[in-house]
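So the structure is just underneath, and the comments pick up after that.
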Amino acid sequence: LVRGLEALKELPCETQDHHRVPLWVNTGLMADVVRSLERGAEGVGLYRTEVPFLLRDRFPSEEEQRLIYREQLEAFAPHPVTMRTLDIGGDKSLPYFPIEEANPFLGWRGIRVTLDHPEIFLAQVRAMLKASEGLNNLRIMLPMISSVLELEAAQTLIYRSFHELLEEGHKIDLPPIGVMVEVPAAVYQARELAERVDFLSVGSNDLTQYLLAVDRNNARVADLYDAFHPAVLRALQQVVADAHSQGTPVSICGELAGDPGAALLLMAMGFDVLSMNATNLPKVKSVIRSVTLEQAEDLLAEVMQLTDADAIGHFVENSLQRAG
Ligand code: PEP
Ligand code: MG
């Protein structure tokens, strides 16, 4: 197995007819970095910055954050590392910043918290920008965006930090800025968002929960939580079309991208990058390498005729088995 992984690592992720699909990883801990590099990840599509925040008993200072981010950026350089600004609230609250609400997933989460607390956002962005000095492989990504105004407010703060740091003498480039599409409102604003950013990245974990009105962590409705639901797949297709209409690349960084059958559908939809847990990367790469783009497109066309998530799941599973 280890030798197989080693060989696969060196092979490009491309279909039989040479359609390239970069596979990136989702990280949080330094341990993820090692596993990702061993598996041949070509970049980081989602670095969950809340992970280091969750591991302490107070907010890390700007300098502490800089050191943590620098480690990630250095480990992957020259590959890109997409750092998501703090996404707390929902199911992730910090012990030293408790948020108590009746409906946390519909409440004070992600960008909503950091726009209300610009001092947290600015310290984090400054730390990221400083960490990128001399490496230039940073990308900044904003979670839970549900309107153009939120994006613009966050961009203003990022530009402000950037200019401050230039004045302080740092030699940095403005990194690409992107937004996560994980709230239904962002699906219907994908074109307007895409026009204003360097990339979009779909967070299918939250998008599934919000489109289907199914709590992603509630066991009682776990059967209903299914990203193969036709409504979710149609939303994903729409986001790709809208992003590309503005010439903006679009990736996906939810768990869905790490499912080999789903990865074929996502590739066929036209996602430019698939970002996943490092564990799933070799499996996804093998499957992509075993098909042609046309086969994946045919699979997608058939799937989009089906009307329920179970039928889609079985259809994809059977097709994968037939293909060996
Ligand atoms: C998502 O929502 O799909 C996502 C990637 O972010 P998280 O799982 O951290 O909410
Ligand atoms: Mg999310």
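For this structure, a couple of remarks:
- The range 242-263, subset within 17 Å of LEU212 (Cα to Cα) and assigned to a helix (DSSP H, G or I), residue nearest to ligand 2 (Cβ to nearest atom): GLU255
- Residues that are at pLDDT below 95, farther than 30 Å from LEU23 by Cβ and exposed (fewer than 15 other Cβ atoms within 10 Å of the Cβ) do not occur anywhere in the range 63-82.
- Any hit, the range 95-108, residues being within 21 Å of CYS253 (Cβ to Cβ) and under 17 Å from the mean Cα position of the chain (by Cα): no
- Taking the range 80-91 as the range and being within 17 Å of the chain's Cα centre (by Cα) and assigned to a strand (DSSP E or B) as the test, the residues that pass are VAL81, THR82, MET83, ARG84.
- Residues of the range 130-156 that are surrounded by fewer than 19 Cβ atoms within 10 Å (Cβ to Cβ) and part of a helix (DSSP H, G or I): VAL148, LEU149, GLU152, ALA153, GLN155, THR156.
- For the range 178-216, the tally of residues that are among the aromatic types (Phe, Trp, Tyr) and within 16 Å of ligand 1 (Cβ to nearest atom) stands at 2.
- Note on the range 86-117: residues that are among the β-branched types (Val, Ile, Thr) and within 12 Å of ligand 2 (Cβ to nearest atom) total 2.
- All conditions but one from (1) in contact (Cβ under 8 Å) with a residue 40 or more places away in the chain; (2) under 27 Å from HIS79 (Cα atoms); (3) surrounded by fewer than 23 Cβ atoms within 10 Å (Cβ to Cβ); (4) out of contact with any Pro (no Cβ under 7 Å at 6 or more places or on another chain) apply to SER161; the one that does not is (1).
- For THR49, the stated conditions do not hold, so it cannot be described as under 22 Å from VAL284 (Cα atoms) and among the hydroxyl-bearing types (Ser, Thr, Tyr).
- Against the test of being over 15 Å from the mean Cα position of the chain (by Cα) and within 16 Å of ligand 1 (Cβ to nearest atom), the options ALA219, ALA235, ALA278 yield a single qualifying residue, ALA235.
- Enumeration of residues in the range 284-316 that are over 10 Å from LEU265 (Cα atoms) and loosely packed, with under 14 Cβ neighbours inside 10 Å: THR292, GLU294, GLU302, GLN305, THR307, ASP308, ASP310, HIS314
- Scanning the range 36-52 for residues that are among the basic types (Lys, Arg) and either crowded, with 24+ Cβ neighbours inside 10 Å or in a loop (DSSP other than H, G, I, E, B) (or both) yields a count of 1.
- Within the range 67-109, the set of residues being closer than 15 Å to LEU46 by Cα and of a type in the set (Lys, Arg) comprises just one member, ARG84.
- Restricting the range 88-103 to residues that are more than 13 Å from TYR210 (Cβ to Cβ) and within 14 Å of ligand 1 (Cβ to nearest atom) leaves a set whose member that is modelled with the lowest pLDDT is ASP91.
- Taking the range 172-241 and the helices (runs of 4 or more DSSP H) fully enclosed by it, the elements with 2 or more residues that are within 16 Å of ligand 2 (Cβ to nearest atom), more than 23 Å from MET128 (Cβ to Cβ) and modelled with pLDDT of 95 or more are at 184-187, 204-212.
- Odd one out for PRO175, checked against (1) within 16 Å of ligand 1 (Cβ to nearest atom); (2) surrounded by 21 or more Cβ atoms within 10 Å (Cβ to Cβ): (1)
- Residue list for the range 264-283, restricted to those being in a loop (DSSP other than H, G, I, E, B) and either surrounded by fewer than 22 Cβ atoms within 10 Å (Cβ to Cβ) or at pLDDT below 95 (or both): GLY270, ASP272, ASN277
- Consider the range 231-260 and keep the residues that are of a type outside the set (Val, Ile, Thr) and in contact with an Asp or Glu (Cβ under 7 Å, 6 or more places away or on another chain). The one that is surrounded by the most Cβ atoms within 10 Å (Cβ to Cβ) is SER251.
- Extreme residue, nearest to the chain's Cα centre (by Cα), among residues of the range 296-313 that are assigned to a loop (DSSP other than H, G, I, E, B) and of a type in the set (A, V, I, L, M, F, W, C): MET304
The values are calculated or read from the model by the stated rules, or taken from the named source; none is laboratory data. Worth saying up front: this structure is predicted, and the values here are computed from it rather than measured. Cβ atoms come from the backbone with ideal geometry, glycine included; neighbour counts cover every protein chain shown.
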